[in-house]
Amino acid sequence: MPDNAIYFELAYAATAIVLGGYIVSIFWRARAIRARLLAERSVEGR
Amino acid sequence: MTSPAKPAPLTAPRIRTPALDPLLTLGVVAFIAALVRAAFFTPPDAAQGMAQKILYIHAPSAFTALYLACGLVFICSGLWLWLKDERLDRMADASAEVGLAFMTVVLITGPLWGRPIWGAFWTWDAKLTSSLFLWFVLLGYQILRGAVEEPQARARFSAVLGILAGCLVPFIHLSVYLFRTLHPMPVVLKPSAPSMPNEMLVSFVFSMSAITLLFAGLLRARYRLATDRAELEHLEARR
């Protein structure tokens with residue numbers, strides 16, 4: 001059997017970084033938008 | 001006698017952190033479980049070695065990016081041009097971005113499998129080149145949405161680009177049959193029975209289900225983000 005485990009490890013690590021980073025980016029963007037939305041709503045409510 | 005009203009707090013109300021979406025949480029847990037099963041509880045291929053295990057991420061990610069994400073972008077974009085419902089535009093936007101993330105995974109894991117098996121990270125054959133082209137189209141879709149401020153024009157331009165992205169999918173799928181390519185023929189998604197040992201097939205189906213669930217969770221979270229952003233744009237435009 002060929003010894004190529006490094007490619008498999010790199011692929012799994014890269015996938016975890018890309019998808020994990022994407023989940024974090026959605027979370028932070030949602031948080032920032034919600035903060036602005038809350039500020040806008042409080043301005044509207046005045 | 002009525003008690004005096006409580007004075008308003010002097011500090012601004014604390015922003016509630018978006019709660020963890022249960023579907024996204026389930027998708028992440030299933031995805032981690034699928035990676036662990038593929039890495040530690042599935043035998044490696046005798047001819048390809050451990051690199052064969054890249055298939056458990058690469059193929060389900062390609063299925064998700066091409067057929068689920070781009071399929072949804074195509075359908076929602078076409079329906080938006082007909083119905084002009086902004087929810088369809090938001091769904092196409094969310095699906096295109098999640099599809100771009102999965103297409104990025106496809107374009108990273110593919111070359112990492114190709115290097116030990118073909119001896120090269122990349123070859124400019126029809127399947128790989130058209131997949132890269134789709135990645136650029138999905139990236140262009142995001143840039144376009146960021147560049148156009150007027151919501152109707154943004155939705156119209158991106159619907160046209162979304163339909164074009166969807167039209168690429170059958171070409172990418174059929175390119176292994178139409179052209180001589182290095183890319184292997186499908187081993188599971190083909191008219192005949194899957195050519196894979198049972199133990200590997202179970203891991204493959206598990207990975208496919210987990211990545212589909214993760215896609216659904218990401219899509220829902222991203223759609224909510226698009227809805228909040230649309231409401232914010234609406235409030236800002238009214239001021």
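Laboratory data are not the source of any read-out in this text; all were calculated from the coordinates shown. Everything numeric here is computed off the predicted structure, so don't read it as measured data. Every residue, glycine as well, gets a Cβ built from its backbone with ideal geometry; the counts of neighbours run over all protein chains shown.
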Q: Quote the charge dipole size of the range B:61-143 about the Cα centre in Debye, to the nearest 20; the model charges only the Cβ of Lys and Arg (+1) and of Asp and Glu (-1).
A: 200 debye
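At a Förster radius of 35 Å, what calculated FRET efficiency corresponds to the Cβ-Cβ distance of B:Met185 and B:Gln142, to the nearest 0.05?
Details: r = 32 Å, r/R0 = 0.91.
E(calc), rounded to 0.05, equals 0.65.
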**Q.** Compactness of the range B:7-141 - radius of gyration and Dmax, Cα, Å
**A.** 20.0, 74
**Q.** Base-10 log of normalised Debye intensity for the range B:108-213 (one unit scatterer per alpha-carbon) at q = 0.11, 0.23, 0.24 Å⁻¹
**A.** -0.51, -1.26, -1.28
Q) When Cβ neighbours within 10 Å are restricted to other protein chains, what is their mean count per residue of peptide A:35-42? A) 5
Q. Going 7 Å from the Cα of A:Leu10 toward and past its Cβ, which residues in the range B:37-73 have a backbone nitrogen under 13 Å from where you end up?
A. B:51
Q: Note down the nm distance, to one decimal, between modelled labels 7 Å out along Cα→Cβ at B:Ala237 and at B:Asp125.
A: 4.8 nm
Q. Just going by the charge dipole of the protein assembly as shown, with Lys and Arg at +1 and Asp and Glu at -1 on Cβ, which of B:Pro186, A:Ala35, B:Ala62 is farthest out on the positive end?
A. A:Ala35
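What trypsin sites (Lys or Arg not before Pro) does the range B:27-118 have in DSSP loop regions with at most 16 other beta carbons within 10 Å?
Numbers: sites: B:Arg37, B:Lys53, B:Lys84, B:Arg87, B:Arg90; in loops: B:Lys84.
Loop-located and lightly packed - B:Lys84.
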Q | 222 nm mean residue ellipticity, helices alone, for the protein assembly as shown (DSSP H n ≥ 4; -39,500 (n - 2.57); rounded to 500) | A | -26000 deg cm²/dmol
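Could you work out the mean count of beta carbons from other protein chains within 10 Å of each residue's beta carbon in B:229-236?
Shielding by partners across B:229-236 averages 4.
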Q.
Counting pairwise Cα distances across the range B:52-238, what percent come out greater than 22 angstrom?
A. 49 percent
Q.
Bin width 10 Å, origin at 0, all Cα-Cα pairs of the protein assembly as shown: what percent of pairs per bin?
A. 6, 25, 30, 20, 10, 5, 2, 1, 0
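What size of dipole, in debye to the nearest 20, comes out for the protein assembly as shown about its Cα centre when the only charges are +1 on Lys and Arg C-beta atoms and -1 on Asp and Glu C-beta atoms? Walk me through the intermediate numbers first.
Numbers: 27 positive and 19 negative charges, 163 e Å.
Around 780 debye, computed over the protein assembly as shown.
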Q. For chain A, what log10 I(q)/I(0) values come out of the Debye formula at q = 0.23 1/Å, with one point per alpha carbon and no solvent?
A. -0.79
Q. Using unit Cβ charges (K, R positive; D, E negative) and no other charged atoms, how large, in debye to the nearest 20, is the dipole of the range A:4-46 about its Cα centre?
A. 340 debye
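If you take the beta carbon distance between B:Trp82 and B:Leu178 as r and set R0 to 45 Å, what does 1/(1 + (r/R0)^6) give as a FRET efficiency, to the nearest 0.05?
0.90
Please compute the average number of Cβ atoms from other chains found within 10 Å of each residue's Cβ in peptide B:46-57. List each step's numbers first, then the result.
On the way: counts 2, 2, 4, 7, 9, 8, 4, 6, 8, 2, 3, 7.
Taking all residues of B:46-57 together, the mean is 5.
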